[in-house]
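Reviewing the structure listed below.
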Amino acid sequence: MGIEIVEPNTCIRGCCTSSSIPLHLSPSSYTLLSPIARGAESIVYEGTLDGKKVAVKKPILSISSDIDKFHKELQLLCKLNHPGIATLIAAHAKPPNYMFFFRFYESLNLAQKLHVEEWTPTIGHALMITMQLAKALQYLHNLGIVHRDVKPANILLDRNLCPHLTDFGLAEYKSDLKGISLGNWKSSGKPTGGFHKKNMVGTLIYMAPEILRKQIHTEKSDVYSFGVSINEVLTGVVPYTDLRAEAQAHTVLEMNYTEQQLTAAVVSDGLRPVLATEELGIPSTLLSMIQKCWDANPENRPSFDDIVKELDFIMEHRNINNGEDIHIRSHNLHPDQLADETLQAYGESINWSTQGELLARSASSATNSGLRTWQDSCDEPLTFLPTLSWGSYATCGRRETMEDTHFVLPHMCDEKDLYAFGIFDGHRGAAAAEFSSRAIPAFLQTLGFVGSPANALVEAFLRTDAAFRKVLDSNRKSNRYIQKDWHPGCTAIAVLVVRNKLFVANIGDCRAILCRAGNPIALSKDHVASCLQERERVIRHGGQVHWQVDTWRVGLPGLQVTRSIGDDDLKPAVTAEPEITESTLCAEDEFMVMASDGLWDVISSVEVINIIKNTVKEAGMCSKRLATEAVERGSKDNITVIVVFLRPVSTAERIY
């Protein structure tokens, strides 16, 4: 790059040195532009060095041990020189700006290429990536280095889509790892997080069973992660999921596995990602090698010397037989789509919320005047008429994406004593929740003719389910999209308040409670496979229920809930017909709380009431406090809360 090396070319501590990589730069030689990636420990910027484009990794330095870690990584990177490893061009190794300057790789990382662009490699290209990655890890292991975080997100692709292993922040010399155990671990006295935080590292869905058992990383742990990663290249599927999606921990199986449950399944039950098949055109010898790589016993896993020899044999045998270089998974694609591997992922351009509202309104021809029959039907004398105030709060929580939606519809159709509220918790994507949050209120506003609020709720749920599955199927068949067995769904709870009557419709595991005289009254019950009555109903309607890890689950997707909108691969067993409860409100009723399961997983009904009693009586503030408390207690799900006060309150009031 033409950057002059100024002697002595060492870091400020003198522990890092290089004869070819500049370790301190003048401020005029480089520029940081926009961020291109963010992590917990660093930010990567697009930048320029000596007028040429580079990637600049700037670590987040909070405590002295973070600076120690920078110097340790720099020492290691200065010794690496391999075409399969991201090239360090320069570093700035003195305060206040500690930075790594890498060659800029034009394409996305391998995870983004697979799951954002839904790239489908050819057999030959997949073998090339496998071989180059294996040789890079062989090189590291021969130097005595264990990477400890091999995964597609840490594999950069150049313009020719050749792989380059990166992110050595967790890498260690195996000589430094030997002999370390929980028994002989000695704390430095600094707030490091202890043995497990410093040694049980990596990314959960790529971690070997022995690491999950809190043993120390070895070269064979890298072999395991390599096998999982190569299988992901071949299948296009994030480990332990049934859809091509972002590799976030919460996507594990889309089955509400906790991290502890997944750990138990991998370690004790031998759970592994679904293996690619020969039907995709993949050599059986490659599939056998992957299985050896993720063997439960590290001693049975091959070394990278063995893996490279095996890959040489596979590629040579393939050349001798003139194997056709076909696209993996090409049988799933429309012929017109093969020409464009970067077609837009299915559903990204569809506004599901707008689709839901438009379809609901076009499907209903009734006028709003019919709603007055609901008011008229409640002709019994009123002993109590609620005065409503409401508020809501929704948060992603610890997840990266939001799949919850909700609606609040006061004075529905200009009727003073008519209110509607709803919460929708999506799974396998947000599409069903987004569609339903607009379709159900639209259907409700046009369904006065069905005779009663309860009937209108049932009809709205069933029509929404039918409409969503119809538009999903229509778009799935469209030549504009690539789709890999995508079957989104959502649970739902909706409430109608008609004068002094409360009607609740529920499918799945969202819940609503009523606070009556300071005590919680359940307004709904969960529809989950662990409930015997629901399990028997699913089986009667042709569904399959099986025990997996810690609970009963439905079908191949392993759904815990037994009622939902969408999930068209599980119909009719997983029904969209809601269960209805009807309550008459009285003077002892203080407020109602409805929420997605992200709240109820960690906070009980009694605790919800106590929290609200000790919060300023503003519904939005109460909703936010409940959701925030759930996050602090470790909820791993999206959280949506609606609080509805049923009698006049003052924002200055506290109830003790």
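One table, with the values for the structure above:
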read-out: Contour excess over end-to-end distance, with Cα ends at residue 275 and residue 33 and 0.36 nm allotted per residue; value: 83.0 nm
read-out: Long pairs among 57/636; 69/174; 53/135; 151/292; 72/135, criterion Cα-Cα beyond 25 Å; value: 57/636; 53/135
read-out: Nearest-20 debye value, the stretch 3-77 charge dipole, Cβ charges on Lys, Arg, Asp, Glu; value: 180 debye
read-out: Dipole in debye (nearest 20) - the stretch 551-606, about Cα centre, beta carbon charges: Lys, Arg +1; Asp, Glu -1; value: 320 debye
read-out: Peptides 535-548, 578-591, 552-565 ordered by average Cβ neighbours within 10 Å, highest first; value: 552-565, 578-591, 535-548
read-out: Two-decimal Rg to Rh for the stretch 610-651 - Kirkwood Rh, Cα set; value: 1.01
read-out: Efficiency of FRET from Cβ geometry, residue 521 and residue 60, R₀ 51 Å, rounded to 0.05; value: 0.60
read-out: Cα-centre dipole for the stretch 503-656 with unit charges at Cβ (Lys and Arg positive, Asp and Glu negative), debye to 20; value: 180 debye
read-out: q = 0.11, 0.15, 0.17, 0.19 Å⁻¹: log10 I(q)/I(0) that the Debye formula gives for the stretch 1-82, counting C-alpha atoms only; value: -0.33, -0.63, -0.82, -1.03
read-out: Among 394-402, 57-65, the order from most to least packed when residues are scored by Cβ within 10 Å on average; value: 394-402, 57-65
read-out: Centroid-to-centroid separation of the stretch 577-653 and the stretch 271-301 [C-alpha atoms, Å]; value: 48 Å
read-out: Gained length - residue 556 relative to residue 177, 0.36 nm times residue gap less alpha-carbon distance; value: 132.4 nm
read-out: In order through the stretch 463-468: 3J(HN,Hα) via Karplus (6.51 cos²θ - 1.76 cosθ + 1.60), integer Hz, x for Gly, Pro; value: 5, 5, 4, 5, 5, 5
read-out: Spin-label model distance (nm) - residue 158 vs residue 67, 7 Å beyond Cα toward Cβ; value: 3.6 nm
read-out: Dimensionless Rg over Rh [the stretch 133-176; C-alpha; Kirkwood]; value: 1.00
read-out: Taking all pairs of distinct alpha-carbon atoms in the stretch 425-569, Kirkwood radius in angstrom; value: 16.7 Å
read-out: Stokes-Einstein D (µm²/s) once Rh is taken as the Kirkwood radius of the stretch 397-475 over alpha-carbon pairs, at 37 °C in 0.692 mPa s; value: 241 µm²/s
read-out: Hz values of 3J(HN,Hα) by residue in the stretch 55-67 - Karplus curve (6.51, -1.76, 1.60), Gly and Pro given as x; value: 9, 10, 9, 10, x, 8, 9, 9, 10, 4, 5, 5, 5
read-out: Extension reserve of the residue 268-residue 536 stretch, reckoned as 0.36 nm per residue once the Cα distance is removed; value: 93.6 nm
read-out: Simple spin-label estimate for residue 10 and residue 46 in nanometres, 7 Å along Cα-Cβ; value: 3.8 nm
read-out: Rounded D (µm²/s) - the stretch 499-656, Kirkwood Rh over Cα pairs, Stokes-Einstein at 20 °C, 1.002 mPa s; value: 126 µm²/s
read-out: Cβ crowding within 10 Å averaged over residues, with 635-643, 285-293, 451-459, 509-517 ranked highest first; value: 635-643, 509-517, 451-459, 285-293
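None of the figures in this text is laboratory data; all of them are computed from the coordinates on show. Keep in mind the model is a prediction, meaning the values are calculated, not measured. Please note: Cβ atoms are built from the backbone with ideal geometry, for glycine as well, and neighbour counts cover all protein chains shown.
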